[in-house]
Amino acid sequence: MPDKAIFGRYWPADSPVHRMDPRVKLVLSLAFMVAVFCARTYAGLGVAAAFVAGAYALARIPFGQALRSIGPLLFIVVVTALLNVFFVQGGTVYFQWWVFCISEAGLSSAAFVACRLLLLLLGVSLLTLATTALDITDAFEHLLSPFARIGLPAHELGMMMGIALRFLPQLAFELACVYRAQISRGATFSGSLKGRARMLASLMVPLFTSAFRHAETLSAAMEARCYHGGPGRTRLHPLRCSRRDAMGVAAVAALFALVVGTNFLPL
């Protein structure tokens with residue numbers, strides 16, 4: 001069992017969610033995202049939050065580890081919320097200076113968007129925690145294969161996704177190693193803005209250098225093994241919806257109906 005969850009890293013467990021067909025999980029994850037985007041009230045987000053909590057419990061993944069897995073992506077939530085604070089205006093004005101204005105509508109919109117993005121990140125993280133990168137890649141390629149008739153490079157897109165999913169936990173590990181190395185040498189990430197920028201550069205330069213090195217190593221290994229797509233690759237078995245897959249589809253369908261229904265409640 002890994003000591004901590006990282007976005008993109010598989011969390012091994014024996015649960016109904018782990019045993020579901022990866023193609024079904026990928027489609028249900030997309031349906032969950034659509035349902036969350038359809039929510040226009042906090043009641044709808046509450047229904048989606050209860051669904052996410054139940055899904056993590058069913059997958060036997062500690063919710064604290066789930067929150068840690070999306071930690072590196074929380075800056076997206078923060079930036080999006082700040083944009084809503086300053087660019088959405090209406091209601092009582094709490095602060096105004098130059099072109100910056102913080103109003104009641106901006107704060108309300110920021111809170112709602114932040115909750116929505118957190119649910120989206122947790123839903124996508126559940127897919128990566130409960131499904132191996134290889135299964136996600138094969139499922140993605142299988143779902144796109146019908147579009148290959150019109151020239152869509154399904155295999156190449158699937159391979160790019162697989163490489164990206166493998167690089168996410170690797171980059172997080174490399175960043176942690178570089179950070180500890182800099183701290184052990186006496187570096188500090190506090191002080192003036194210029195000093196913080198210099199220290200941030202001391203993290204980013206080794207990180208990107210390591211990423212390019214890993215990419216070059218992977219490319220050389222694939223060429224050495226004469227890797228190619230097309231005939232001869234191991235494929236997923238034909239899709240046969242099992243009982244747990246059918247229950248997952250029913251659960252997401254019920255979630256979608258409840259979320260949309262909350263939009264019409266007189267709240």
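The values are calculated or read from the model by the stated rules, or taken from the named source; none is laboratory data. All of these numbers come straight from a predicted model, not from anything done at the bench. Using ideal geometry, Cβ is built from the backbone for each residue, glycine included, and neighbour counts are taken over all protein chains shown.
Filter the stretch 102-111 down to the residues that are in contact with a helix residue (DSSP H, G or I) (Cβ under 7 Å, 6 or more places away or on another chain) and of a type outside the set (Gly, Ala, Ser), then identify the one that is modelled with the lowest pLDDT.
Of all residues in the stretch 102-111, those in contact with a helix residue (DSSP H, G or I) (Cβ under 7 Å, 6 or more places away or on another chain) come to 102, 106-107, 109-110.
In the following step, the residues that additionally are of a type outside the set (Gly, Ala, Ser) were identified as 102, 107.
Working: 102: 83, 107: 89.
Looking at the filtered set, the residue picked out is 102.
Among the residues of the stretch 13-34, count how many are over 17 Å from residue 137 (Cβ atoms), in contact (Cβ under 8 Å) with a residue 60 or more places away in the chain and surrounded by fewer than 19 Cβ atoms within 10 Å (Cβ to Cβ).
So in the stretch 13-34, the residues over 17 Å from residue 137 (Cβ atoms) come out as 13-17, 19, 28, 31-34.
From the residues that got through so far, the ones that are in contact (Cβ under 8 Å) with a residue 60 or more places away in the chain too are 13, 15-17, 19, 28, 31-34.
Going one step further and asking which of them are surrounded by fewer than 19 Cβ atoms within 10 Å (Cβ to Cβ), we end up with 13, 15-16, 19, 31, 33-34.
Selection size over the stretch 13-34: 7.
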(request) Under 8 Å between Cβ atoms, at least 6 apart or on separate chains: pull out the pairs that start in the stretch 96-122 with a residue that is on the phi > 0 side of the Ramachandran plot and surrounded by 18 or more Cβ atoms within 10 Å (Cβ to Cβ) and end on any residue that is modelled with pLDDT under 90 and not in a loop (DSSP other than H, G, I, E, B). (result) none
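Would a scan of the stretch 54-64 turn up a residue that is in contact with a His (Cβ under 7 Å, 6 or more places away or on another chain) and part of a helix (DSSP H, G or I)?
Our first condition is that a residue be in contact with a His (Cβ under 7 Å, 6 or more places away or on another chain); within the stretch 54-64, this holds for 59.
If we keep only those that are part of a helix (DSSP H, G or I) too, we end up with 59.
Yes, there is a match, as at least one residue in the stretch 54-64 is in contact with a His (Cβ under 7 Å, 6 or more places away or on another chain) and part of a helix (DSSP H, G or I).
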(message) Test of understanding: among 51, 37, which residue is at pLDDT 85 or above, surrounded by 15 or more Cβ atoms within 10 Å (Cβ to Cβ) and among the aromatic types (Phe, Trp, Tyr)?
(response) 51
